[in-house]
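Enquirer: The structure that follows is given in the form of structure tokens.
The values are calculated or read from the model by the stated rules, or taken from the named source; none is laboratory data. Since we're looking at a predicted model, the values are computed, not measured. Neighbour counts run over all protein chains shown; Cβ positions are idealised from the backbone, glycine included.
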Amino acid sequence: MSLIVFFMINFVGDPVDMLVNPESLPEEIERVRKDFGLDQPAHIQYWKFLQGAMNGNLGNSFIFGRPALALIVERFPATLELATCALIIAIIVGLPLGIFAGLKPNSFGTRIIMSSSVLGISIPTFWLGLMMIIVFSVILGWLPVSGRGEIGSFLGIQSSLFTYDGLLHLIMPATNLALFKIAMVIRLARAGTEEVMSFDFIKFARARGLPSKRIVRFHLLPNILIPIVTVLAIEFGTLIAFATVTETIFAWPGLGKLVIDAIINLDRPIVVAYLMFVVTLFLILNLIVDIMYAFLDPRVRVKGEDQ
Amino acid sequence: MNKSFLKVVTFVVAISSVIGFSSSSVLSDDLKVALAAEPTSMDPHYQNLTINNSFATQVYNALVLQDVNQKLLPGLAKSWKPIDELTWEFKLRPGVKFHNGAAFTSEDVTATMKRAANVPNSPSSFATFIKGKKFEIVDDLTIRISTKKPNPFIPNDMSRIAIIDSAFVNSTTEDFNTGVASFGTGPFKFSKWLPGDLIEIKRNNAYWGDKVKWDNIIIRPIKDGTTRTAALISGDVDFIERVPPSDLPNLEKRKGISVFKSVSNRSLYLTLHMTDNPRRPYTMDNNDKPIASPFQDVRMRKAVSLAINRQAISDRIMDGLSSPAGQFSPKGYIGYSPNLKPDVYNPKRAKELMAEAGYSDGFKLTIHGPAGRYTNDTRILEAIAQMLSSIGIQTSVETMPASVFFKRFARGGANKTPEFTVAMSGYANGSGEPSHPLRIFIHTKQKKRGYGPGNRNGYSNAEVDKLIEDGRASMDVSKGEKKFIKATEIAMREYALLPIHHVVATWAAREGITYEQGALDSTFLHFIR
């Protein structure tokens with residue numbers, strides 16, 4: 001993975017052209033090339049990168065002159081809180097709507113839910129983001145346009161979740177980011193509900209005269225959650241990795257902005273470190289999903305104990 | 001019951017105290033500004049980059065300051081003069097204090113020069129302005145700068161280096177980012193920087209110059225132009241730079257918003273390859289056989305210039321936000337020649353010139369440019385291709401990301417020579433000295449002497465070279481400028497480059513705020529009033 005990323009990005013342009021002010025003297029250009037190790041052939045640069053990576057050093061950012069990994073870790077909390085809120089919104093809104101649609105497939109409400117979920121999937125994020133800004137900030141004046149707002153601290157964690165101002169700033173970007181996921185959760189929940197509702201144990205539960213609230217909560221929900229958790233965990237990774245568009249529009253000081261600027265300005269160490277970071281993140285998320293299966297699905301647990 | 005009621009009350013109190021707190025801070029004179037980009041560091045010597053430099057002028061002063069048209073003004077030096085052919089003497093301003101209370105003396109100048117030339121990991125250092133100069137302390141408030149060859153531009157070079165307190169000569173870039181070392185003498189004190197989120201600065205009440213109006217300024221980087229505009233309209237911020245052209249008419253009509261525009265020194269130009277050494281693969285005859293560059297003939301270069309409808313580019317593509325150009329400098333700016341007018345669109349004359357040069361049947365051409373680097377760059381290039389096709393040069397366009405373009409533009413061809421026959425690029429004079437574009441683009445390429453690093457088309461004229469070198473050796477700056485204007489006139493009449501336009505820079509603010517703008521398109525906060 002690191003090999004592919006490293007060599008791919010080495011083919012694109014020359015960072016020195018992007019960094020050094022054109023009015024500089026030729027010596028200055030040579031100095032920068034040498035200081036950043038760009039005068040070496042690509043395979044030697046890669047070898048040096050690997051040596052550094054073994055010690056947890058993914059190189060210094062060309063632009064900021066600081067360790068690339070430190071920059072990423074610094075920006076990560078902002079993206080994490082945005083992605084987490086988006087995920088929570090997606091579940092809170094998407095799950096009940098999806099279950100409703102699955103339970104009453106022919107009702108008028110279902111038709112509205114399903115057609116708006118099509119919109120949610122097909123409307124481009126950036127357009128919707130701009131529309132939200134125009135409606136809620138410019139016309140109605142309810143919400144701030146951009147940025148992270150005041151940052152509060154709670155149990156040593158710094159986040160805009162802990163201040164009123166921060167929450168106001170968070171609502172729009174998080175909803176914007178969540179919209180696509182809401183549509184997805186609705187579809188997953190509806191498909192799951194339709195499938196599970198036709199199973200025998202639900203029919204038996206009905207026959208026993210259990211109230212439908214109880215059926216939904218204790219018989220339906222655990223069964224449809226398994227595919228939803230799997231998909232959402234992976235989607236959580238993509239929320240973090242691809243929040244870029246939303247972050248750009250709402251000027252959210254997270255990872256996305258850092259990476260976009262790094263790509264435009266050929267700040268290679270940041271791009272490489274970011275991709276390494278995202279790969280690791282996906283691996284961890286997959287692991288968490290596997291562990292969560294054990295909690296949600298007794299069959300996985302029992303199998304393990306049998307052997 | 002009682003308990004939950006108490007909870008509600010505390011919650012309400014907590015919220016209202018937050019709101020109350022934020023509204024009370026509105027009473028002082030605060031300004032919120034949204035800029036399109038943010039500095040890469042708070043260390044004024046870390047990177048020679050426009051946004052870093054313009055921000056540094058708020059917290060730091062240089063010996064010499066520049067006004068909005070880059071005319072030199074006394075800064076931390078109250079006067080300067082050459083005392084012989086090789087030496088300048090700077091008299092420093094007495095009684096100036098750094099934000100930490102330390103007094104400013106000549107020690108600080110020499111310490112700054114030592115640091116600024118050698119910042120570790122700098123992606124583009126200030127060494128260019130410092131190397132080759134000897135700094136000598138005469139007394140606490142006098143300093144002499146000498147060079148091996150006469151250099152009339154030492155005051156310009158000194159206007160580029162932010163002076164720091166000598167106590168911080170060994171401080172790291174990180175120390176400046178966190179504020180441990182960021183004490184200047186400028187109109188604002190550095191308060192805090194949250195990268196990607198905001199920068200906060202406070203008024204320096206002990207400033208030696210005109211005091212600024214604002215108690216606090218919060219600067220927010222908002223990259224997206226539409227979001228920036230929305231932030232202004234909704235009142236989130238009071239002042240923005242770079243209004244997107246499509247939003248400008250709406251903002252101008254809107255009540256409660258003022259818009260500021262000025263022609264900047266940021267120009268767009270075409271360069272036409274004018275040698276056959278080496279031959280570049282982007283001109284072909286009508287049978288697709290590569291031919292030598294037709295632009296070796298000045299008549300062909302003129303034909304291209306006459307075929308470009310600069311006014312139409314300004315009206316139709318730039319929404320009026322560009323001013324057709326016939327030279328590097330806009331009107332009123334250093335090095336401007338009143339004798340050079342932008343070429344007026346004349347396709348008939350262009351065709352005649354092509355016939356005279358022996359190309360009446362036309363030929364095929366590929367032109368190159370960056371995509372997304374300059375305002376509307378791709379659309380302008382496409383328009384130019386159409387205009388050239390209409391006089392018989394069948395032109396196709398190839399654009400690419402800036403990161404790819406600049407490498408190929410500089411050395412993508414054989415033996416690391418420039419690759420393109422015709423390419424479009426941009427330029428803005430950062431130094432405020434009139435020989436700058438001439439040294440970089442017009443003078444014959446002589447790498448060792450630092451001449452012609454941007455001369456990618458092989459233009460060479462001994463007379464022009466001599467004028468440039470003589471001007472740069474004359475300690476009398478005004479005499480030198482006359483030589484530079486003469487050199488510019490000759491070079492532009494030979495179409496050493498084809499200027500297309502100067503970009504109109506824009507700002508917008510809520511009513512009641514004014515901005516003093518000039519030929520610079522970056523934003524200087526102390527000019528907001």
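Enquirer: Does the stretch B:421-434 hold any residues that are under 24 Å from the mean Cα position of the chain (by Cα) and either among the hydrophobic types (A, V, I, L, M, F, W, C) or at pLDDT 90 or above (or both), and which are they?
Expert: B:Val422, B:Ala423, B:Met424, B:Ser425, B:Gly426, B:Tyr427, B:Ala428
Enquirer: Among residues belonging to the stretch B:182-205 that are farther than 22 Å from B:Ala36 by Cα and without any contact (Cβ under 8 Å) to a residue 40 or more places away in the chain, point out the one that is nearest to the other protein chains (Cβ to nearest Cβ).
Expert: Filtering first and then ranking leaves B:Arg203.
Enquirer: Okay, next question. Just to check your reading of the model, which residue among B:Gly454, B:Gly458 is among the small types (Gly, Ala, Ser) and either under 25 Å from B:Thr147 (Cβ atoms) or part of a helix (DSSP H, G or I) (or both)?
Expert: On inspection, the qualifying residue turns out to be B:Gly454.
Enquirer: OK, next. Does A:Thr248 qualify as being closer than 30 Å to B:Val33 by Cβ, surrounded by 14 or more Cβ atoms within 10 Å (Cβ to Cβ) and of a type in the set (S, T, N, Q)?
Expert: Yes, satisfied.
Enquirer: Another question, if that's okay. Residues being closer than 19 Å to B:Gly225 by Cβ, of a type outside the set (D, E, K, R) and assigned to a strand (DSSP E or B): count how many of those fall in the stretch B:497-527.
Expert: 8
Enquirer: Sticking with this one: More than 9 Å from chain B (Cβ to nearest Cβ) and under 18 Å from the mean Cα position of the chain (by Cα): does that describe A:Gly166? Before the answer, list the steps.
Expert: Values: more than 9 Å from chain B (Cβ to nearest Cβ): yes; under 18 Å from the mean Cα position of the chain (by Cα): no.
So A:Gly166 does not fit the description; no.
Enquirer: Would you confirm whether any residue within the stretch A:41-50 is closer than 30 Å to A:Ala243 by Cβ and either touching a strand residue (DSSP E or B) at 6+ places or on another chain (Cβ under 8 Å) or at the interface with chain B (Cβ under 9 Å from one of its Cβ atoms) (or both)?
Expert: Scanning the stretch A:41-50, I find no residue that is closer than 30 Å to A:Ala243 by Cβ and either touching a strand residue (DSSP E or B) at 6+ places or on another chain (Cβ under 8 Å) or at the interface with chain B (Cβ under 9 Å from one of its Cβ atoms) (or both), so the answer is no.
Enquirer: From the residues in the stretch B:206-259 that are more than 8 Å from chain A (Cβ to nearest Cβ) and hydroxyl-bearing (Ser, Thr, Tyr), which one is farthest from B:Gln66 (Cα to Cα)?
Expert: Checking each candidate, the answer is B:Ser246.
Enquirer: Within the stretch B:244-302, which residues are within 25 Å of B:Arg349 (Cβ to Cβ), in contact (Cβ under 8 Å) with a residue 40 or more places away in the chain and in a helix (DSSP H, G or I)?
Expert: Selection gives B:Pro294, B:Phe295, B:Val298, B:Arg299, B:Met300, B:Arg301, B:Lys302.
Enquirer: What helices (runs of 4 or more DSSP H) completely inside the stretch A:194-263 contain at least 2 residues that are within 13 Å of another protein chain (Cβ to nearest Cβ) and in contact with an Asp or Glu (Cβ under 7 Å, 6 or more places away or on another chain)? Talk me through it step by step, then tell me what you get.
Expert: Values: elements: A:200-207, A:221-241, A:244-249.
Filter on the stretch A:194-263 gives A:244-249.
Enquirer: Consider A:Ser116 carefully, then state whether it is away from chain B (no Cβ under 14 Å), within 24 Å of the chain's Cα centre (by Cα) and not acidic (Asp, Glu). Step through it out loud before you land on a result.
Expert: Details: away from chain B (no Cβ under 14 Å): yes; within 24 Å of the chain's Cα centre (by Cα): yes; not acidic (Asp, Glu): yes.
The answer is yes for A:Ser116.
Enquirer: Here's a check for you: in the stretch B:432-485, which residue that is within 14 Å of another protein chain (Cβ to nearest Cβ) and among the aromatic types (Phe, Trp, Tyr) is nearest to B:Ser522 (Cα to Cα)?
Expert: Taking the candidates together, the pick is B:Phe441.
Enquirer: From B:Ile528, B:Ile485, B:Ile468, grab the single residue that is in contact (Cβ under 8 Å) with a residue 24 or more places away in the chain, buried (at least 19 other Cβ atoms within 10 Å of the Cβ) and touching a His at 6+ places or on another chain (Cβ under 6 Å).
Expert: Numbers: B:Ile528 fails: touching a His at 6+ places or on another chain (Cβ under 6 Å); B:Ile485 fails: touching a His at 6+ places or on another chain (Cβ under 6 Å).
None of the others qualify; the one that does is B:Ile468.
Listed here are the residues, each with its yes/no results for (1) in contact (Cβ under 8 Å) with a residue 40 or more places away in the chain; (2) within 12 Å of another protein chain (Cβ to nearest Cβ).
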{"site": "B:Asp108", "(1), (2)": "yes, no"}
{"site": "B:Thr112", "(1), (2)": "yes, no"}
{"site": "B:Ser125", "(1), (2)": "yes, yes"}
{"site": "B:Thr128", "(1), (2)": "yes, yes"}
{"site": "B:Lys133", "(1), (2)": "no, no"}
{"site": "B:Glu136", "(1), (2)": "no, no"}
{"site": "B:Ile143", "(1), (2)": "yes, no"}
{"site": "B:Thr147", "(1), (2)": "yes, no"}
{"site": "B:Pro150", "(1), (2)": "yes, no"}
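Enquirer: Can I ask one more? I'd like to verify a number: residues in the stretch B:359-417 that are hydrophobic (A, V, I, L, M, F, W, C), over 22 Å from the mean Cα position of the chain (by Cα) and farther than 26 Å from B:Met318 by Cβ, how many?
Expert: 2
Enquirer: Tell me whether the stretch B:395-403 contains one or more residues that are within 14 Å of chain A (Cβ to nearest Cβ), buried (at least 22 other Cβ atoms within 10 Å of the Cβ) and of a type outside the set (Phe, Trp, Tyr).
Expert: The answer is yes, given that some residue of the stretch B:395-403 is within 14 Å of chain A (Cβ to nearest Cβ), buried (at least 22 other Cβ atoms within 10 Å of the Cβ) and of a type outside the set (Phe, Trp, Tyr).
Enquirer: Go through (1) over 30 Å from B:Lys71 (Cβ atoms); (2) crowded, with 21+ Cβ neighbours inside 10 Å for B:Val344 and report which single condition fails.
Expert: Against the list (1) over 30 Å from B:Lys71 (Cβ atoms); (2) crowded, with 21+ Cβ neighbours inside 10 Å, B:Val344 comes up short only on (2).
Enquirer: Residues being in a helix (DSSP H, G or I) and either under 24 Å from the mean Cα position of the chain (by Cα) or hydrophobic (A, V, I, L, M, F, W, C) (or both): count how many of those fall in the stretch B:173-223. Explain how you work it out, then say what you get.
Expert: The first filter runs over the stretch B:173-223 and keeps only residues in a helix (DSSP H, G or I), leaving B:173-178.
Next cut, either under 24 Å from the mean Cα position of the chain (by Cα) or hydrophobic (A, V, I, L, M, F, W, C) (or both) only: B:173, B:176-177.
Count: 3.
Enquirer: So, one more: Residue check, A:Tyr293 against (1) under 16 Å from the mean Cα position of the chain (by Cα); (2) over 24 Å from B:Arg373 (Cβ atoms), all met but one. Which one?
Expert: Only one criterion in (1) under 16 Å from the mean Cα position of the chain (by Cα); (2) over 24 Å from B:Arg373 (Cβ atoms) is unmet by A:Tyr293, namely (1).
Enquirer: What's the number of the condition A:Pro26 fails, among (1) over 30 Å from A:Val185 (Cβ atoms); (2) without any contact (Cβ under 8 Å) to a residue 12 or more places away in the chain; (3) more than 14 Å from chain B (Cβ to nearest Cβ)?
Expert: (3)
Enquirer: Has the stretch A:178-199 got at least one residue that is touching a Cys at 6+ places or on another chain (Cβ under 9 Å) and crowded, with 22+ Cβ neighbours inside 10 Å?
Expert: yes
Enquirer: What pairs come up if the first residue lies in the stretch A:12-23 and is touching a residue at least 12 places away in the same chain (Cβ under 8 Å) and facing chain B (nearest Cβ under 7 Å), the second is assigned to a loop (DSSP other than H, G, I, E, B) and surrounded by fewer than 22 Cβ atoms within 10 Å (Cβ to Cβ), and their beta carbons are under 8 Å apart, counting only those six or more places apart or on different chains?
Expert: Here the result reads A:Asp14/A:Leu38; A:Met18/A:Asn265; A:Leu19/A:Asn265, each pair linking the stretch A:12-23 to a residue that is assigned to a loop (DSSP other than H, G, I, E, B) and surrounded by fewer than 22 Cβ atoms within 10 Å (Cβ to Cβ).
Enquirer: Any residue in the stretch B:377-404 that is within 20 Å of B:Asp361 (Cα to Cα) sitting within a Cβ distance under 9 Å of a residue that is of a type in the set (Asp, Glu)? List the pairs, counting only those 6 or more apart or interchain.
Expert: Short answer, once both residue conditions are applied: B:Gly392/B:Asp361.
Enquirer: Looking at (1) more than 22 Å from B:Phe409 (Cβ to Cβ); (2) buried (at least 16 other Cβ atoms within 10 Å of the Cβ); (3) not hydroxyl-bearing (Ser, Thr, Tyr), which one does B:Asp361 not meet, given that it meets all the others?
Expert: (2)
Enquirer: Specify which of the listed residues (A:Ile151, A:Ile113) is farther than 23 Å from B:Gly196 by Cβ, β-branched (Val, Ile, Thr) and touching a helix residue (DSSP H, G or I) at 6+ places or on another chain (Cβ under 9 Å). Before you say what the answer is, go through the steps one by one.
Expert: Values: A:Ile151 fails: farther than 23 Å from B:Gly196 by Cβ.
None of the other options fit; the residue is A:Ile113.
Enquirer: Starting from the stretch B:309-330, keep only residues that are under 20 Å from B:Ser389 (Cβ atoms) and of a type in the set (Lys, Arg), then list their pairs with residues that are modelled with pLDDT of 95 or more and outside any loop (DSSP other than H, G, I, E, B) whose Cβ atoms are within a distance under 8 Å, requiring at least 6 positions of separation or different chains.
Expert: B:Arg310/B:Pro324; B:Arg310/B:Ile500; B:Arg310/B:His501; B:Arg316/B:Ala383
Enquirer: Could I ask something else about it? Among the residues of the stretch A:71-129, which ones are within 25 Å of A:Val145 (Cα to Cα) and outside any helix (DSSP H, G or I)?
Expert: Selection gives A:Ile123, A:Pro124.
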